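Shown next, in structure tokens, is the structure this report addresses.
The values are calculated or read from the model by the stated rules, or taken from the named source; none is laboratory data. None of these values were measured; they are calculated from a predicted model. We place every Cβ from the backbone using ideal geometry, glycine too, and count neighbours over all the protein chains shown. We work out accessible area using only protein heavy atoms, side chains counted, and drop any ligands, DNA or RNA first. Shrake-Rupley method; radii C 1.70, N 1.55, O 1.52, S 1.80 Å.
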Amino acid sequence: MAEAAESPGDPGTATPRPLFAGLSDISISQDIPVEGEITIPMRSRIREFDSSTLNESVQNTIMRDLKAVGKKFMHVLYPRKSNTLLRDWDLWGPLILCVTLALMLQRGSVDSEKDGGPQFAEVFVIVWFGAVTITLNSKLLGGNISFFQSLCVLGYCILPLTVAMLVCRLVLLAEQGPINFMVRLFVVILMFAWSIVASTAFLADSQPPNRKALAVYPVFLFYFVISWMILTFTP
Amino acid sequence: MAAADELAFHEFEEATNLLAQTPDATTTRSDQLTPQRHVAVAVGSGGSYGAEDDLEESDKAALLQEEKQQPGFWTFGYYQSFFDVDTSQVLDRIKGSLLPRPGHNFVRHHLRNRPDLYGPFWICATLAFVLAVTGNLTLVLAQRRDPSIHYSPQFHKVTVAGITIYCYAWLVPLALWGFLQWRKGVRERMGPYTFLETVCIYGYSLFVFIPTVVLWLIPIPWLQWLFGALALALSAAGLVFTLWPVVREDTRLAAAVLLSAVVLLHALLAVGCKFYFFQPLPPELLEPPHQATAQPPNTLLPPTLPKSMAT
């Protein structure tokens with residue numbers, strides 16, 4: 001309800017009129033109601049969001065995380081140029097994959113030979129320290145990907161190799177022989193190529209163009225070592 | 001006039017005055033090491049001091065690297081300066097290490113006083129893994145021919161390979177650098193290399209062993225020794241040609257001792273790797289079975305040898 005002050009008209013028309021000069025002539029009278037409610041729509045939504053994750057059942061929480069992990073698995077299996085892996089990174093998927101791989105790759109406790117396959121801890125260390133080293137390398141070379149995003153991508157792209165491990169274990173149940181080895185070799189090479197394609201689809205864009213090969217080569221070495229561990233696994 | 005000139009240049013020279021201790025630096029143009037910087041710097045600014053031809057390049061490099069002095073060793077940017085290389089530069093350095101030429105100093109021509117840590121680190125990692133993998137592959141191939149050999153993944157060799165290669169590629173340059181620093185007083189013309197340049201020299205010189213190790217899969221012994229000798233010659237030649245300009249002003253004895261120690265250590269590494277990772281095949285596979293021969297030096301296959309020798 002503003003009462004406008006009456007400004008006298010311009011004494012002379014020679015001076016230019018200021019902007020919005022006519023506004024001062026408006027007076028708002030009582031018979032035009034200016035009223036309403038001012039609410040901030042965000043506030044109620046935030047309150048609702050907070051309480052929903054606290055009060056929801058455990059099953060809901062777990063299923064939501066599992067669905068997120070599963071969605072990312074799909075993105076790895078069908079690599080497209082999408083940002084889902086990078087935007088909402090999580091490390092649950094890499095942990096599940098690494099533990100599965102390490103459990104399947106470790107030699108049994110009855111095998112007391114000194115020169116057997118890798119132990120659980122060795123696989124775990126190779127995967128995680130390898131991923132950390134590659135991430136540090138790509139950051140030092142000037143890449144603009146964050147630390148955990150890169151760890152997330154590298155961890156998720158182990159999925160094809162874990163599938164290869166499962167297939168190899170199944171194939172090893174059959175009789176040993178050169179055909180057995182050829183099948184395993186073919187599967188491992190295929191999955192190795194798949195891993196590389198999937199991870200470079202996500203990681204290559206974050207590097208300056210004249211250093212892409214320098215950043216991709218350690219990824220190649222990393223998956224090569226994991227593939228070799230899978231291929232040389234003997235039950 | 002001179003005073004006016006000095007006044008006119010004053011604000012421009014302030015930055016370079018941090019480097020130039022004395023106004024006439026013609027005679028004191030030696031590479032100096034400052035504690036924070038890891039690149040050899042030629043003291044002296046501008047062309048007015050009569051730059052020597054072969055130090056002009058490092059002069060420009062010194063002015064460029066002035067700005068890189070700022071990050072302390074606790075910042076990320078400090079370590080980022082060691083990875084400031086492009087793909088083409090790394091490939092060029094690898095080519096330079098593969099083909100050593102007598103007049104061609106690796107540090108001056110290829111590194112251009114900008115050592116990087118990418119090459120040494122990843123070449124060592126690749127070499128360690130390739131050693132372990134091909135060592136295991138020779139065992140697989142040997143088992144094909146002689147099923148009595150027990151095959152195992154031998155994963156512990158990865159650890160051994162990694163530790164050996166990394167210790168060699170970092171501790172030996174440290175010792176070499178320390179030795180060269182100690183003998184610094186004897187030299188006038190050429191300063192010693194910085195620690196990172198020494199690490200670079202060693203790291204890139206190990207590259208030639210990667211294809212050699214892969215070629216060692218071929219199970220013909222004399223061919224393996226030929227490849228090994230070739231790789232060792234190339235690698236050691238690269239090291240010697242790079243170290244020669246630094247060492248030749250020293251006394252004869254010191255130079256000879258240093259160079260022969262470098263070559264000897266390199267040879268030791270090559271031969272040690274050959275014997276540990278590529279066990280010679282049991283003699284039965286190379287000679288007729290009825291001939292009894294000496295046992296191979298490795299003790300990893302003792303349980304199976306008596307069985308195969310009994311045929």
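Among the residues of the stretch A:211-224, those identified as closer than 21 Å to A:Lys139 by Cβ and at the interface with another protein chain (Cβ under 8 Å from one of its Cβ atoms) are A:Arg211, A:Lys212, A:Ala213, A:Leu214, A:Tyr217, A:Pro218, A:Leu221.
Taken over the stretch A:122-178, the criterion of being of a type in the set (A, V, I, L, M, F, W, C), within 11 Å of chain B (Cβ to nearest Cβ) and part of a loop (DSSP other than H, G, I, E, B) is satisfied by A:Leu141 alone. If you go through the stretch A:155-180 and keep only what is touching a Pro at 6+ places or on another chain (Cβ under 9 Å) and either open to solvent by 60 Å² or more (accessible area, probe 1.4 Å) or farther than 17 Å from A:Trp228 by Cα (or both), you end up with A:Gly155, A:Tyr156, A:Arg169, A:Leu173. Total residues in the stretch B:118-163 satisfying the condition of being of a type in the set (S, T, N, Q), more than 24 Å from B:Tyr79 (Cα to Cα) and either crowded, with 21+ Cβ neighbours inside 10 Å or facing another protein chain (nearest Cβ under 10 Å) (or both): the figure is 4. Residues satisfying the criterion are present in the stretch B:218-226 (criterion: surrounded by 14 or more Cβ atoms within 10 Å (Cβ to Cβ) and touching a Ser or Thr at 6+ places or on another chain (Cβ under 8 Å)). Go through the residues of the stretch B:178-192 one by one and say whether even a single one is under 25 Å from B:Gly272 (Cβ atoms), surrounded by fewer than 21 Cβ atoms within 10 Å (Cβ to Cβ) and modelled with pLDDT of 90 or more. The answer is no; no qualifying residue exists.
The residue that is farthest from the other protein chains (Cβ to nearest Cβ), among those in the stretch B:87-117 that are in a helix (DSSP H, G or I), open to solvent by less than 60 Å² (accessible area, probe 1.4 Å) and of a type in the set (S, T, N, Q), is B:Ser97.
Remark: pairs (first residue in the stretch A:77-89, in a loop (DSSP other than H, G, I, E, B); second residue modelled with pLDDT of 75 or more and of a type in the set (Phe, Trp, Tyr); Cβ separation under 9 Å; 6+ apart in sequence or on different chains) = A:Pro79/A:Trp194; A:Pro79/A:Phe202; A:Lys81/A:Phe202; A:Ser82/A:Phe202; A:Asn83/A:Phe202; A:Trp89/A:Phe148. Summed over the stretch A:201-227, residues that are open to solvent by 20 Å² or more (accessible area, probe 1.4 Å) and touching a Pro at 6+ places or on another chain (Cβ under 9 Å) total 1.
Among the residues of the stretch A:159-187, the ones that are hydrophobic (A, V, I, L, M, F, W, C) and in contact with a Cys (Cβ under 7 Å, 6 or more places away or on another chain) come to 1 in all.
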